[in-house]
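Peer 1: Pasting in a structure now, in structure tokens, and then I'll have a few things to ask.
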Amino acid sequence: MTKIIKQADFIESIRDALQFISFYHPVDFIQAMGRAYEREESKPAKDAMAQILINSRMSALGHRPMCQDTGIICAFIKIGMDAKFDKTNLTISEMVNEGVRQAYLDKDNPLRASIVMDPLGSRKNTKDNTPAVTHIDLVHGDKIDIQLAAKGGGSEFKSKFTVLNPSDDLVDWVLHKVPEMGAGWCPPGILGIGVGGTAEKAMILAKEAINQPIDIQELILKGPSNKAEELRLELYEKINNLGIGAQGLGGLTTVLDVKINTFPTHAACLPVAIIPNCASTRHIHFELDGSGPAVLTPPDIKLWPEVSWSTEGSKHLNINKMSKQDLENLKAGETVLLSGTILTGRDAAHKRIQDMISKGEKLPVDFHGKIIYYVGPVDPVRDEIVGPAGPTTGTRMDKFSDLMLGDQVGIYAMIGKSERGPETIESIKKHKAVYFMAVGGAAYLIAKSIKSSKCLAFEDLGMEAIYQFEIKDMPVTVAVDSTGNSVHESGPKIWQEKILKNKIGGIPVKIQ
């Protein structure tokens, strides 16, 4: 019997599902992160995971985004050939986009619009996060199967692709590429691997893979039954043996699971794609059968693991009285609680500053002696000062770092996530500056340390404008100190050595 799917139910389901995943982690992800937290022995990595888990619980209770980057929407729509819509005035993609539009403009929980049109030209923000990237397939049956994912830029654009020779070692290629991904994808997370098909098919396979349930521990217990499962187990162990750890700080867990999808391919090649899911993993799967919109059941908050996170032992730094000597006293790996006045600025603001200086124009803000935070917050609601306001990837600002640290601009320090490149590290060392790392995936938690916000310049850039934040005890880690020591370089090396030294028969043992 032909099922009639109401267009309104389809759109409502997309809208509700995107709101749902903005503040609810999948339970399997939270429980896997909880197991990794309990096992972790690297203090910086354990602290980072604690912040991610606490942030996740806060977001679930507060119905606010777990990450300020609320993602680009990817939709996989499988339409039963016997299903019908009650209206045909909108295409499937248009219906998806209408659901996205309504979700991102929701007045109670507005989500950050990050999509820009004309990517080679004006790069003007579409203001409602449309269009989504929609994949449509016709299948047997009379229902509509929908998978939605909201992919943040930090993880989505760390994706890798190659075409191997059939005789090449896939594991070696993956182990070579994962360190190249750096920490911008906010590990620990899930790696999706697509093998086969054509170039675009391999990427789609990898994207679909990261939406599958986490079950690596069950696979370890039962053992592999095919080549793909053998590869999953081998990669899971060997990637974690790299010691990259949470946020790239060095530790026992870099991936929570490795998922592999395959497809027949040409005899002469082996296309392989990697796409990671970050610490703000957001995806959902549901069906429409004509009985109404999707029913989304909130997870029991008791399923979130109990974690302890203390700032005891952290150094306190009053930014308003900060001197170069204060920064020189900080060492890579130390935790610091920042209080005082900071400025914000991301890619667009940095580019405009650079252009103004090249034209001899006066900057609208005095940056000398200040800290700049790489952030693009979600809009605030109700009594919030700002919405969730976690860090963006610091490496994107590397091309501007020497200018910003130099006399013409004169900042003293930077806050972001992930590692910095070698030229930026040299500039930090030259200027006796510091790069602080805040935890990616802890945006709602970090926002609680922001006590006031004021736009100072470039208001037309929206979330990328320059704001002044007054902060109180904002938790950060010294990622690169004034001597050029980088915890993103030293941490993984230390933990890779510890892991390999203390492994017996492939089973990790207690590290002293």
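The values are calculated or read from the model by the stated rules, or taken from the named source; none is laboratory data. Computed from a predicted model, the values in this text were never measured in an experiment. In this analysis, Cβ positions are derived from the backbone assuming ideal geometry, glycine residues included, and neighbour counts consider all displayed protein chains.
Peer 1: If I filter segment 427-437 for residues that are in contact (Cβ under 8 Å) with a residue 60 or more places away in the chain and over 27 Å from Met356 (Cβ atoms), do I get at least one hit? Steps first, answer last, please.
Peer 2: In the first step, residues of segment 427-437 are kept if they are in contact (Cβ under 8 Å) with a residue 60 or more places away in the chain; the result is 432-434, 436-437.
Keeping just the survivors that are over 27 Å from Met356 (Cβ atoms) gives 437.
Yes, the conditions are met somewhere in segment 427-437.
Peer 1: Is it the case that Gly99 is out of contact with any Asp or Glu (no Cβ under 6 Å at 6 or more places or on another chain), assigned by TED's automatic domain parsing to the domain that holds Lys6 and either among the charged types (D, E, K, R) or more than 30 Å from Glu384 (Cα to Cα) (or both)?
Peer 2: Answer is no for this residue.
Peer 1: Something else: How many residues does segment 446-486 hold that are of a type in the set (Val, Ile, Thr) and assigned to a loop (DSSP other than H, G, I, E, B)?
Peer 2: Step one: list which residues in segment 446-486 are of a type in the set (Val, Ile, Thr), which gives 446, 450, 466, 471, 476-478, 480, 483.
From the residues that got through so far, the ones that are assigned to a loop (DSSP other than H, G, I, E, B) too are 483.
The number of residues fulfilling the criteria is 1.
Peer 1: Criterion first (free of Cβ contacts under 8 Å to residues at least 40 places away in the same chain, hydroxyl-bearing (Ser, Thr, Tyr) and either assigned to a loop (DSSP other than H, G, I, E, B) or farther than 30 Å from Glu237 by Cα (or both)) does Ser114 satisfy it? Break it down stepwise before answering.
Peer 2: Details: free of Cβ contacts under 8 Å to residues at least 40 places away in the same chain: no; hydroxyl-bearing (Ser, Thr, Tyr): yes; either assigned to a loop (DSSP other than H, G, I, E, B) or farther than 30 Å from Glu237 by Cα (or both): yes.
The answer is no for Ser114.
Peer 1: Looking at segment 307-338, which of the residues that are surrounded by fewer than 16 Cβ atoms within 10 Å (Cβ to Cβ) and among the hydroxyl-bearing types (Ser, Thr, Tyr) is farthest from Ala438 (Cα to Cα)?
Peer 2: Checking each candidate, the answer is Ser323.
Peer 1: In segment 11-53, what residues are part of a loop (DSSP other than H, G, I, E, B) and either surrounded by fewer than 22 Cβ atoms within 10 Å (Cβ to Cβ) or under 17 Å from the mean Cα position of the chain (by Cα) (or both)?
Peer 2: To start, the set of residues in segment 11-53 that are part of a loop (DSSP other than H, G, I, E, B) comprises 24-26, 40-42.
Answer for segment 11-53, where residues must be part of a loop (DSSP other than H, G, I, E, B) and either surrounded by fewer than 22 Cβ atoms within 10 Å (Cβ to Cβ) or under 17 Å from the mean Cα position of the chain (by Cα) (or both): Tyr24, His25, Pro26, Glu40, Glu41.
Peer 1: Okay, moving on. Mind telling me which of the residues Leu249, Leu205 ends up being crowded, with 18+ Cβ neighbours inside 10 Å and more than 16 Å from Trp185 (Cβ to Cβ)? I'd like the intermediate steps shown before the answer.
Peer 2: Values: Leu249 fails: more than 16 Å from Trp185 (Cβ to Cβ).
It is Leu205.
Peer 1: Take the residues of segment 71-129 that are among the charged types (D, E, K, R) and in contact with a strand residue (DSSP E or B) (Cβ under 9 Å, 6 or more places away or on another chain): which is nearest to Asp145 (Cα to Cα)? Spell out the reasoning first.
Peer 2: Quick first cut of segment 71-129, residues among the charged types (D, E, K, R) only: 78, 82, 84, 86-87, 94, 98, 101, 106-108, 112, 118, 123-124, 127-128.
Now restrict to residues that are in contact with a strand residue (DSSP E or B) (Cβ under 9 Å, 6 or more places away or on another chain): 78, 82, 84, 86, 118, 123-124.
Working: Lys78: 5, Asp82: 13, Lys84: 13, Asp86: 17, Asp118: 31, Arg123: 33, Lys124: 33 Å.
Looking at residues that are among the charged types (D, E, K, R) and in contact with a strand residue (DSSP E or B) (Cβ under 9 Å, 6 or more places away or on another chain), I get Lys78.
Peer 1: When segment 73-97 is examined, which residues are found to be surrounded by 19 or more Cβ atoms within 10 Å (Cβ to Cβ) and under 14 Å from Ile14 (Cα atoms)?
Peer 2: Across segment 73-97, the qualifying residues are Ile73, Cys74, Ala75, Phe76, Ile77, Met95, Val96, Asn97.
Peer 1: Consider Gly196 carefully, then state whether it is buried (at least 24 other Cβ atoms within 10 Å of the Cβ), of a type outside the set (A, V, I, L, M, F, W, C), modelled with pLDDT of 95 or more and over 23 Å from Pro388 (Cβ atoms). Write out each step before concluding.
Peer 2: Details: buried (at least 24 other Cβ atoms within 10 Å of the Cβ): no; of a type outside the set (A, V, I, L, M, F, W, C): yes; modelled with pLDDT of 95 or more: yes; over 23 Å from Pro388 (Cβ atoms): yes.
Answer is no for this residue.
Peer 1: What number goes with the only condition from (1) within 22 Å of Asn277 (Cα to Cα); (2) free of Cβ contacts under 8 Å to residues at least 60 places away in the same chain; (3) buried (at least 22 other Cβ atoms within 10 Å of the Cβ) that His63 does not pass?
Peer 2: (3)
Peer 1: Residues in segment 302-320: is at least one farther than 20 Å from Asp473 by Cα, among the basic types (Lys, Arg) and within 23 Å of the chain's Cα centre (by Cα)?
Peer 2: no
Peer 1: If you don't mind, there's one more thing I want to ask. Farther than 19 Å from Pro187 by Cβ, modelled with pLDDT of 95 or more and in a loop (DSSP other than H, G, I, E, B): is that true of Ile428 in this structure? Quick ask: steps written out before the conclusion?
Peer 2: On the way: farther than 19 Å from Pro187 by Cβ: yes; modelled with pLDDT of 95 or more: yes; in a loop (DSSP other than H, G, I, E, B): no.
Considered against the rule, which asks whether it is farther than 19 Å from Pro187 by Cβ, modelled with pLDDT of 95 or more and in a loop (DSSP other than H, G, I, E, B), Ile428 comes out as no.
Peer 1: Does Lys158 qualify as being more than 25 Å from Val116 (Cβ to Cβ) and either out of contact with any His (no Cβ under 8 Å at 6 or more places or on another chain) or in the same structural domain as Gly441 (by TED's automatic domain parsing) (or both)? First the steps, then the outcome.
Peer 2: On the way: more than 25 Å from Val116 (Cβ to Cβ): no; either out of contact with any His (no Cβ under 8 Å at 6 or more places or on another chain) or in the same structural domain as Gly441 (by TED's automatic domain parsing) (or both): yes.
No.
Peer 1: Separate question: Looking at Gly394, Gly387, Gly360 in this structure, which one is of a type in the set (Gly, Ala, Ser) and over 30 Å from Ser56 (Cα atoms)?
Peer 2: Values: Gly394 fails: over 30 Å from Ser56 (Cα atoms); Gly387 fails: over 30 Å from Ser56 (Cα atoms).
On inspection, the qualifying residue turns out to be Gly360.
Peer 1: How many of the residues making up segment 5-28 are among the aromatic types (Phe, Trp, Tyr) and in contact with a Leu (Cβ under 7 Å, 6 or more places away or on another chain)?
Peer 2: Pass one, segment 5-28, residues among the aromatic types (Phe, Trp, Tyr): 10, 20, 23-24.
Keeping just the survivors that are in contact with a Leu (Cβ under 7 Å, 6 or more places away or on another chain) gives 10, 20.
The number of residues fulfilling the criteria is 2.
Peer 1: Ok, one more. Could you identify the single residue in Glu419, Glu459, Glu426 that is of a type in the set (Asp, Glu) and closer than 16 Å to Pro44 by Cβ?
Peer 2: Numbers: Glu459 fails: closer than 16 Å to Pro44 by Cβ; Glu426 fails: closer than 16 Å to Pro44 by Cβ.
From the options Glu419, Glu459, Glu426, the qualifying one is Glu419.
Peer 1: Can you find, within segment 407-417, the residue that is nearest to the chain's Cα centre (by Cα) among those that are of a type outside the set (D, E, K, R) and farther than 15 Å from Gly484 by Cα? Spell out how you get there, then give the answer.
Peer 2: Just the residues of segment 407-417 that are of a type outside the set (D, E, K, R), to begin with: 408-416.
Next cut, farther than 15 Å from Gly484 by Cα only: 408-411, 415-416.
On the way: Gln408: 33, Val409: 29, Gly410: 30, Ile411: 26, Ile415: 16, Gly416: 13 Å.
Only one residue tops the list, namely Gly416.
Peer 1: Would you point out which residue out of Lys6, Lys43 is of a type in the set (D, E, K, R), farther than 24 Å from Ile216 by Cα and not assigned by TED's automatic domain parsing to the domain that holds Ile73?
Peer 2: Values: Lys6 fails: not assigned by TED's automatic domain parsing to the domain that holds Ile73.
Unique residue meeting the criteria: Lys43.
Peer 1: Quick check on this structure: which one of Leu105, Leu120 is at pLDDT 95 or above and over 22 Å from His283 (Cβ atoms)?
Peer 2: Details: Leu105 fails: over 22 Å from His283 (Cβ atoms).
The match here is Leu120.
Peer 1: To continue, here is another question. Please pick out the residue among Trp173, Trp185 that is buried (at least 17 other Cβ atoms within 10 Å of the Cβ) and of a type in the set (Phe, Trp, Tyr). Please lay out each step first, then the result.
Peer 2: Values: Trp173 fails: buried (at least 17 other Cβ atoms within 10 Å of the Cβ).
Testing whether each residue is buried (at least 17 other Cβ atoms within 10 Å of the Cβ) and of a type in the set (Phe, Trp, Tyr) leaves just Trp185.
Peer 1: State all residues of segment 368-394 that are surrounded by 19 or more Cβ atoms within 10 Å (Cβ to Cβ) and over 20 Å from Thr70 (Cα atoms); if no residue qualifies, say none.
Peer 2: Lys370, Ile371, Ile372 - these are the residues of segment 368-394 that are surrounded by 19 or more Cβ atoms within 10 Å (Cβ to Cβ) and over 20 Å from Thr70 (Cα atoms).
Peer 1: In this structure, is Thr483 surrounded by fewer than 21 Cβ atoms within 10 Å (Cβ to Cβ), under 30 Å from Ile244 (Cα atoms), touching a residue at least 12 places away in the same chain (Cβ under 8 Å) and of a type outside the set (A, V, I, L, M)? Let's see the steps before the verdict.
Peer 2: Working: surrounded by fewer than 21 Cβ atoms within 10 Å (Cβ to Cβ): yes; under 30 Å from Ile244 (Cα atoms): yes; touching a residue at least 12 places away in the same chain (Cβ under 8 Å): yes; of a type outside the set (A, V, I, L, M): yes.
For Thr483, the condition - surrounded by fewer than 21 Cβ atoms within 10 Å (Cβ to Cβ), under 30 Å from Ile244 (Cα atoms), touching a residue at least 12 places away in the same chain (Cβ under 8 Å) and of a type outside the set (A, V, I, L, M) - is met.
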